[in-house]
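Read the structure below first, then the notes.
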Amino acid sequence: MPRSLSMLGLITLLFMLGACSAAKVKTQAIPVSTDPAGAQVLVDGKPAATSPCSVDLTCTQDHIVTLRKDGFQQQDVIVKRQYQEKKVLLNALNAGVSTGSFFNNAAMGLSSGVQSMNAQESTGAAYTLIPSTVSVRLTPKQGFPHTTSKE
């Protein structure tokens, strides 16, 4: 069997295996604490847990973490995704060099690097969520008591 046919078969097999496996979306655990504890934690408007807790958020989008407790003002915290450019480029470069070296084909290496970048962005692997921790002091609905100092 000519080398080009066996290489084509290997490439076809690799693409078929890649198409069969669904890409897993990256999540990041975000610890949530409130003072006082016991607040209801909602993520993007849906109930998630009671503080203190940790919520797993997908890295493919921004999120709103809402904290509610009877007698206290609601607090909303925006958790934004931050693009990790250096990490993405390094992973793409590694994928491209590995593929290009294995197949001895620079074009395949370039294609593999671009595919790596696309995959990292679609699965959320290209992002980190900021802030990485949510810690909030809840404000009573009637406000904090005023203190006076004696001079």
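Coordinate-derived values only; no laboratory data. No experiment lies behind these values; they were computed from the predicted model shown. In this analysis, Cβ positions are derived from the backbone assuming ideal geometry, glycine residues included, and neighbour counts consider all displayed protein chains.
Between the beta carbons of residue 24 and residue 64, assuming R0 = 25 Å, the FRET efficiency works out to 0.55 to the nearest 0.05.
Karplus-based coupling profile of region 60-68, in residue order and whole Hz: 8, 7, 7, 9, 10, 9, 10, 10, 10, with θ = phi - 60° in 6.51 cos²θ - 1.76 cosθ + 1.60 and x standing for Gly or Pro.
Counting only residues at least eight positions apart within a chain, or on another chain, the lysines with an alpha carbon under 28 Å from that of residue 26 are 46, 80, 86, 87.
Note on residue 24: aspartates and glutamates with a C-alpha under 19 Å away, same-chain residues under 8 apart excluded, are 56, 62, 121.
Evaluating 6.51 cos²θ - 1.76 cosθ + 1.60 at θ = phi - 60° for every residue in region 70-78, the Karplus couplings come out as 3, x, 10, 6, 5, 10, 10, 10, 8 Hz, glycine and proline recorded as x.
Counted residue by residue at 0.36 nm each, then reduced by the alpha carbon distance between them, the extension gain from residue 37 to residue 78 reaches 12.8 nm.
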